[in-house]
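Please read the structure below before turning to the comments.
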Amino acid sequence: MSKIRVYELAKMLGLSNKDLMQILEDLGVDVKTHMSSIDAETAQIIEESLGEPKTKDKPSDVKEKGKKVVNVPPGSSVSDVANLLGIKPADAVKALLEAGKMIPAGATANREILDILSEVFNAEFVVADSAQEEQEKDKAKSQQRKKPEGKNLQPRAPIVTVMGHVDHGKTSLLDYVRKTKVTEREAGGITQHIGASTLEYNGRKIVFLDTPGHEAFTSMRARGAQVTDIVILVVAADDGVMPQTVEALNHAKASGVPIVVAVNKIDKPEARPDRVRQQLSEHGLIPEEWGGDTIFVDISAKTGVGIDQLLEMVLLVADMHELKADPTVDPRGVIIEAKLDRGKGPVATVIVQEGTLRVGNIVVSESSWGKVRAMIDDRGRNLKEAGPSTAVEILGFNDVPSPGETFKVVGSEKEARTLIDKIKQEEKLAASKTERHMTLEELYGKM
Ligand code: GTP
Ligand code: MG
């Protein structure tokens, strides 16, 4: 069988080497470089299918009139683009053929393809390139963030926050998970609300922060505390993406926390899970199945469909981020809830992030300190020690600390007092500076 080199064929057909190689690749023909050769039969098929490269005859009356603006997720195929345009994939392929490009519907729609389609179908394509860039940035950020220190790094459980729009099912999801996945209580232990639930799935732990919604998340972030490893973004499949969905995803993105999307309420007849995918793609969350890197799981917090898969995906994302901590370094963590209990005094739920917290330790947060008298977990058990990614209620703080405050352990009560005094002085100084600044501004305002 006779053969022809790619560059020779390209010349014959009036194509650039690159374009021809793209066509060959799309057809599944393996060529390494433009010096590679292909058999004459393949060459002929390509030649015939391209035919006479037609001059693009666009109906001039439609041009510029009511141009449709379409957001195209990166990695979209020709048929994805056709769907976005509301035309048949076959029509898109035909239009491309007429423009001299033999491109299968499954091929990725590159800039050149989009240019042709935009002219033929009078549309403007906005490729979510910037969104992808942003995703890359976020990824870099999350890799930088919270680098664990210490020599004895060990895998730790992921800490998950559930976020989403009002009524989309955050509480229902948490309830379902708690009801079905929190392992049997220890004898005598009573499940109690401490602000976080720890569940075990396939023998591995996942910590869910119980405060759904982004208030908690935001207040922690405002203080620079980062406790969440993974955000589950709940979007109701009947309602679709709503303002708070976008707000939540922006918060998560800004802090570089990976997002797993739970498309909820798929038991409902009016559920449209693919619309959710489309809508979130426009915000830079491109589903894996569309060539992006965001995991989407269809679930029902009512029937339980998909919840196992969701938990598996959470663990997968945790693995990808290699969450580790050193249980032997000085303990530190974050306050996630705190209140004044009449009988017990100040009670704070904390997440230990590094080291191992022990009863008797002296803890100092940003506004309070105390000696740990007792630690109680979400199943009502008294713990003597709590390692990384453990949520515990602590008794012993002298004042009620605020959620989002970080804490660490110091060697003595004296050290704790000195530290708190220093923090309070710094705060006072900062406050007086702001005051003075505001007065000046007021002055200028009046002038
Ligand atoms: P807020 O806390 O008010 O923001 O709402 P939420 O996101 O916690 O939603 P919640 O779990 O309270 O659910 C809102 C409503 O949707 C309730 O009536 C739930 O019963 C219902 N719901 C939640 N999940 C599902 C689901 O998967 N399927 C169906 N059919 N209904 C659901
Ligand atoms: Mg709720």
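Entry note, the stretch 240-376: relative contact order of 15 percent, from Cα contacts under 8 Å with a spacing of 6+ residues. With the charge dipole of the stretch 280-332 set up from +1 on Lys and Arg Cβ and -1 on Asp and Glu Cβ about the Cα centre, the Cα lying farthest toward the positive end among the listed residues Ala325, Val297, Leu285 is that of Ala325.
Can you tell me the relative contact order of the stretch 267-330? Whole percent, Cα pairs under 8 Å, sequence separation 6 or more. Don't skip to the answer; put the middle values down first.
Values: 35 pairs, mean separation 11.2, N = 64.
Normalised by residue count, the contact order of the stretch 267-330 is 18 percent.
Between Lys11 and Lys344, the FRET efficiency estimated from the beta carbon spacing at R0 = 60 angstrom works out to 0.10.
Highest mean first, the peptides 96-105, 25-34 sorted by other C-beta atoms within 10 Å per residue fall in the order 96-105, 25-34.
Here the simple spin-label model places points 7 Å from the Cα toward Cβ, and for Glu427 and Glu124 these points are separated by 5.1 nm.
When each of the peptides 420-429, 369-378 is scored by how many other beta carbons lie within 10 Å of its residues on average, the order from highest to lowest is 369-378, 420-429.
When both the stretch 220-291 and the stretch 328-354 are represented by their alpha-carbon centers, they are found 29 Å apart.
Overall, the accessible surface of the stretch 253-389 at a probe of 1.4 angstrom is composed of carbon and sulfur to the extent of 48 percent.
Listed highest first by mean packing, meaning other Cβ atoms within 10 Å per residue, what order do 77-84, 239-246, 36-43 come in?
Going from most to least packed, we get 77-84, 239-246, 36-43.
Taking 0.890 mPa s as the viscosity and 25 °C as the temperature, the Stokes-Einstein diffusion coefficient of the stretch 264-397 based on its alpha-carbon Kirkwood radius rounds to 136 µm²/s.
The slack in the chain from Ile45 to Leu27, taken as 0.36 nm per residue of separation less the alpha-carbon distance, amounts to 5.4 nm. Evaluated at q = 0.17, 0.22, 0.25 Å⁻¹, a Debye calculation over the C-alpha positions of the stretch 221-308 (equal weights, vacuum) places log10 I(q)/I(0) at -0.69, -1.07, -1.28. What the stretch 293-421 shows is 42 Å² of accessible area per residue, with the surface traced by a 1.4 Å probe over protein heavy atoms.
The values are calculated or read from the model by the stated rules, or taken from the named source; none is laboratory data. What you see is a predicted model; the values in this text were computed from it and never measured. Cβ atoms come from the backbone with ideal geometry, glycine included; neighbour counts cover every protein chain shown. The protein model used for the area step is the full one, side chains on, heavy atoms only, and it has no ligands, DNA or RNA in it. Shrake-Rupley method; radii C 1.70, N 1.55, O 1.52, S 1.80 Å.
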